[in-house]
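Student: Right, I'll just put the structure down here and ask away after.
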Amino acid sequence: MANIFDLFKQISNNNNDSASGAVEYIVVGLGNPGKEYERTRHNAGFMAMDYLSGRCGARVDRAKFSALVGEATVNGKRVLLLKPQTFMNSSGEAVSAAAKFYKIAPENIIVISDDVSLDVGRIRVRRKGSHGGQRGLKSIQECLGTENYQRIKIGVGAKPHPDYDMAAWVLSNFDAKDMEALSANYPRIYDGLCLMLEGKTEDAMQICNNKI
């Protein structure tokens, strides 16, 4: 028979589970799995996710939905943090599987990705829109069947010249200066995300989209 201390522990655990609540949003960081891709331009979403998860005290290390996942409370909202492990071009498989499991509407999915049309470190928040040639976003739109999901785009710089192979460019490593420019903007990404979770995407655009 359980003693009184075991019963109190069980009640406390049950209360903590209840307090965590159901997942309301999915926040996705895009990238490619594997150590060889860690510092590449295509992994800007993974890098931002690592900052965000550390900021909210979560670990994104549980294997589920062909992804690494973790749960956190961000600005009062229960959020699933997700890093697809399917490689960039198939990112939508993990996102759609998680959305279906938690019954999350596309409008409550926020995707963080690299963008070659923006200077390194620039940020752009969008409520919806086309994938713009980004293969991970394209996969997500195909799997969800809509472009009505939110996104935070992180600039990784344009190709050095028009003939440069795009695949080679996005899989090239950031140098130390670029990494500094990226990391300097992570706090703004966090602040923008908090506003988006409140439904204040226009406000998020104000603090994220402007050049500093």
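Student: Being over 17 Å from Glu142 (Cα atoms) and either of a type in the set (A, V, I, L, M, F, W, C) or modelled with pLDDT under 95 (or both) is the filter here; which residues of segment 79-101 pass it?
Tutor: Val79, Leu80, Leu81, Leu82, Phe101 - these are the residues of segment 79-101 that are over 17 Å from Glu142 (Cα atoms) and either of a type in the set (A, V, I, L, M, F, W, C) or modelled with pLDDT under 95 (or both).
Student: Can you find, within segment 49-73, the residue that is nearest to Ile109 (Cα to Cα) among those that are over 13 Å from the mean Cα position of the chain (by Cα) and touching a residue at least 40 places away in the same chain (Cβ under 8 Å)?
Tutor: The residue in question is Thr73.
Student: Here's a follow-up. Looking at segment 91-107, which of its residues are crowded, with 16+ Cβ neighbours inside 10 Å and not β-branched (Val, Ile, Thr)? Walk me through how you get there before you give the answer.
Tutor: Taking segment 91-107 first, the residues crowded, with 16+ Cβ neighbours inside 10 Å are 91-99, 102, 104, 106.
Result: Ser91, Gly92, Glu93, Ala94, Ser96, Ala97, Ala98, Ala99, Tyr102, Pro106.
Student: Conditions: (1) crowded, with 19+ Cβ neighbours inside 10 Å; (2) under 15 Å from the mean Cα position of the chain (by Cα); (3) among the charged types (D, E, K, R). Arg122 meets all but one. Number of the miss?
Tutor: Arg122 satisfies every listed condition except (2).
Student: Identify the single condition in (1) hydroxyl-bearing (Ser, Thr, Tyr); (2) part of a strand (DSSP E or B); (3) crowded, with 17+ Cβ neighbours inside 10 Å that Thr73 does not satisfy, given that it satisfies every other one.
Tutor: Result: Thr73 passes all but (3).
The values are calculated or read from the model by the stated rules, or taken from the named source; none is laboratory data. Because the structure is a prediction, the values reported are computed rather than measured. For neighbour counting, all protein chains shown are included, and Cβ atoms are generated from backbone atoms with ideal geometry for every residue, glycine included.
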